Amino acid sequence: MEQDNLTLVLRAMHFAADRHRDQRRKDRAASPYINHPIAVAEVLCTVGGVHDPITIAAGILHDTIEDTETTAEEIRQHFGQDIGAVVEEVTDDKSRPPPERKQLQIDEAHLLSDRARLVKLADKICNVRDIIERPPDGWSAERRRGYVAWALAVVDRIRGTNRPMEDYFDSLCRRADAHLGPGLSA
Ligand code: ZN
C-alpha cells in the first residue's frame, strides 16, 4: 500500500475511533465498538484479499453515519466522494422501523456497488462470527439463529462478489448450525 493510501486508512481509523469512542458492542464483555469496524477492515484484507484503500477506509467508517452523529457530508468532506458514497450505501435508513430496515437490506442488496458489496459481506461475516463467539447478552439460540438466517438471506443476494469471503461466510453458517441447531445452511 502506498504511503498516501496508508495515511488514508489510518485517518479513517482515527476518525472512526473518535466517533465510536463512547459506544460498546452488545456482548457480555461490552467490547469497545471500534473492534467491529477494525475487524471488518481486517476481514476485507485478509479473507477477501481486498487491498483497495477506498474499500478498506469505507469498511472502517461503515457504521459512523448509522450509529453516530456523523453525517454523510462530513464523510465526504474528510474522505472524499468515493468513500462517502460507499458509506452511505451501507447505511440503513433509521427513519424506518427495524423490521423494514432488515427487509430492505435483503431487497436492495443487489443494487449495491461492488465496493459496497464487499463491505456488506465483511460486515455480515463479522456480525455472524460475533453471534457465534460472543453473542449479545440475553439473546436466545432462537434469536441468534434468526439473525444468522437473515444475514444469509442478504449474502445470498450478492453472491459472486468475492468467493473467499462468501466461502468463509458459509463456513460460519455451518458453525452456527452446529452451535445453535440446524436450519441455516444446506
Ligand atoms: Zn457493522
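A short reminder: the numbers here are calculations on the coordinates, not readings from a lab. None of these values were measured; they are calculated from a predicted model. All Cβ positions, glycine included, derive from the backbone under ideal geometry; neighbour counts span all protein chains shown.
Restricting attention to the range 164-186, the residues that are among the aliphatic types (A, V, I, L, M) and exposed (fewer than 15 other Cβ atoms within 10 Å of the Cβ) total 2. Here the range 131-163 is the region considered, the condition is being closer than 15 Å to Leu118 by Cβ and either among the polar types (S, T, N, Q) or within 16 Å of the chain's Cα centre (by Cα) (or both), and the residue that is surrounded by the most Cβ atoms within 10 Å (Cβ to Cβ) is Val155. How many of the residues making up the range 50-74 are assigned to a helix (DSSP H, G or I), over 14 Å from Arg19 (Cα atoms) and away from the ligand (no atom under 16 Å from the Cβ)? Result for the range 50-74: 3. Mind listing whichever residues of the range 1-49 are more than 12 Å from the ligand (Cβ to nearest atom), under 17 Å from Phe79 (Cβ atoms) and small (Gly, Ala, Ser)? Ala12, Ala17, listed by residue number.
Across the range 108-135, the qualifying residues are those that are free of Cβ contacts under 8 Å to residues at least 24 places away in the same chain and under 13 Å from Arg157 (Cα atoms), and the one among them that is nearest to the ligand (Cβ to nearest atom) is Glu108. Condition first: among the hydrophobic types (A, V, I, L, M, F, W, C) and either part of a helix (DSSP H, G or I) or in contact with a Gly (Cβ under 7 Å, 6 or more places away or on another chain) (or both). Now tell me which residues in the range 1-40 satisfy that. Residues satisfying the conditions are Leu6, Leu8, Val9, Leu10, Ala12, Met13, Phe15, Ala16, Ala17, Ile38, Ala39, Val40.
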